[in-house]
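These notes are about the structure you will find just below.
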Amino acid sequence: MNTKIITRVNNVDIVSTSDEQLVAIKPICEALGIDAKVQRQKIQDDEDLNPVGVLSTSTGSDGKQYEMYCLPMEFIFGWLFTINPKNVKEEARDAVRKFRLECYHALYTHFTSRAIFVEQKQKEIDNQLTIVEEAKGNFKNAKNVLNDADQKLQKLRKLTMDDFDYERRQFKLFEY
């Protein structure tokens, strides 16, 4: 059976089977200093974890193969989140607390990221709409200025010497 090291807890390799991605709970419990039988019962009492818990052959800390109670890897982190840091051995408490804080952060990020995305997207849309509206206004104004300038240019092109003399030899450009 091929195994894959997924992490280390208190210098103990935590492995999963590479085929089924199952993780034995006993090595984790031993690394944390908690009773594996109590944790297995806790898992079996849990209506969400119970259906996914299975017995599978796994490698023990001594390198030998044993039948152990396992959870699919996708459920291990949720189960670990339920472990109270007060119940683990002293040298594992900080690691369990840090893990739980990471879980809180991951949950927060997961459940708020869509709202943050929508909020930031709307803010950027509003900013871009302001820019578009300003550009449209500037374009309309520029179009009016262009039309006025084009009309004056056409009038200037039509201007004759008689018109010039009539205005006493002055170009009154803005009156045309």
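State which residue is nearest to Asp46 (Cα to Cα) when the search covers only the stretch 92-104 and only residues that are charged (D, E, K, R) and surrounded by fewer than 12 Cβ atoms within 10 Å (Cβ to Cβ).
First pass over the stretch 92-104, keeping only residues charged (D, E, K, R): 93-94, 97-98, 100, 102.
Those left that are additionally surrounded by fewer than 12 Cβ atoms within 10 Å (Cβ to Cβ): 94, 98.
Values: Asp94: 26, Lys98: 24 Å.
Of everything passing the filter in the stretch 92-104, Lys98 is nearest to Asp46 (Cα to Cα).
Counting only residues that are modelled with pLDDT of 95 or more and in contact with a Cys (Cβ under 9 Å, 6 or more places away or on another chain), how many does the stretch 1-35 have?
1
List, please: which pairs have Cβ atoms under 7 Å, are six or more places apart or on different chains, and start with a residue in the stretch 61-87 that is open to solvent by less than 50 Å² (accessible area, probe 1.4 Å) and end with one that is assigned to a helix (DSSP H, G or I) and of a type in the set (Phe, Trp, Tyr)?
Close Cβ pairs (under 7 Å, with a partner that is assigned to a helix (DSSP H, G or I) and of a type in the set (Phe, Trp, Tyr)) amount to Leu71/Trp79; Leu80/Phe99.
Examine the stretch 145-152 for a residue that is at pLDDT below 90 and outside any helix (DSSP H, G or I), and state whether such a residue exists. Talk me through it step by step, then tell me what you get.
Taking the stretch 145-152 as the starting set, the residues that turn out to be at pLDDT below 90 are 152.
From what is left, the residues that are outside any helix (DSSP H, G or I) are none.
No: the stretch 145-152 contains no residue that is at pLDDT below 90 and outside any helix (DSSP H, G or I).
Which of the residues spanning the stretch 37-48 are more than 13 Å from Val23 (Cα to Cα) and either touching a Cys at 6+ places or on another chain (Cβ under 9 Å) or of a type in the set (A, V, I, L, M, F, W, C) (or both)?
Those that are more than 13 Å from Val23 (Cα to Cα) and either touching a Cys at 6+ places or on another chain (Cβ under 9 Å) or of a type in the set (A, V, I, L, M, F, W, C) (or both): Lys37, Val38, Gln39, Ile43.
Of these, Glu102, Glu91, Glu175, Glu74, which one is of a type in the set (D, E, K, R), over 28 Å from the mean Cα position of the chain (by Cα) and at pLDDT 90 or above?
Working: Glu102 fails: over 28 Å from the mean Cα position of the chain (by Cα); Glu175 fails: at pLDDT 90 or above; Glu74 fails: over 28 Å from the mean Cα position of the chain (by Cα).
Matching residue, one of Glu102, Glu91, Glu175, Glu74: Glu91.
The values are calculated or read from the model by the stated rules, or taken from the named source; none is laboratory data. Because the structure is predicted, anything quoted here is derived from the model rather than measured. Using ideal geometry, Cβ is built from the backbone for each residue, glycine included, and neighbour counts are taken over all protein chains shown. All accessible areas refer to the heavy atoms of the entire protein, side chains included, with ligands and DNA or RNA removed. Shrake-Rupley method; radii C 1.70, N 1.55, O 1.52, S 1.80 Å.
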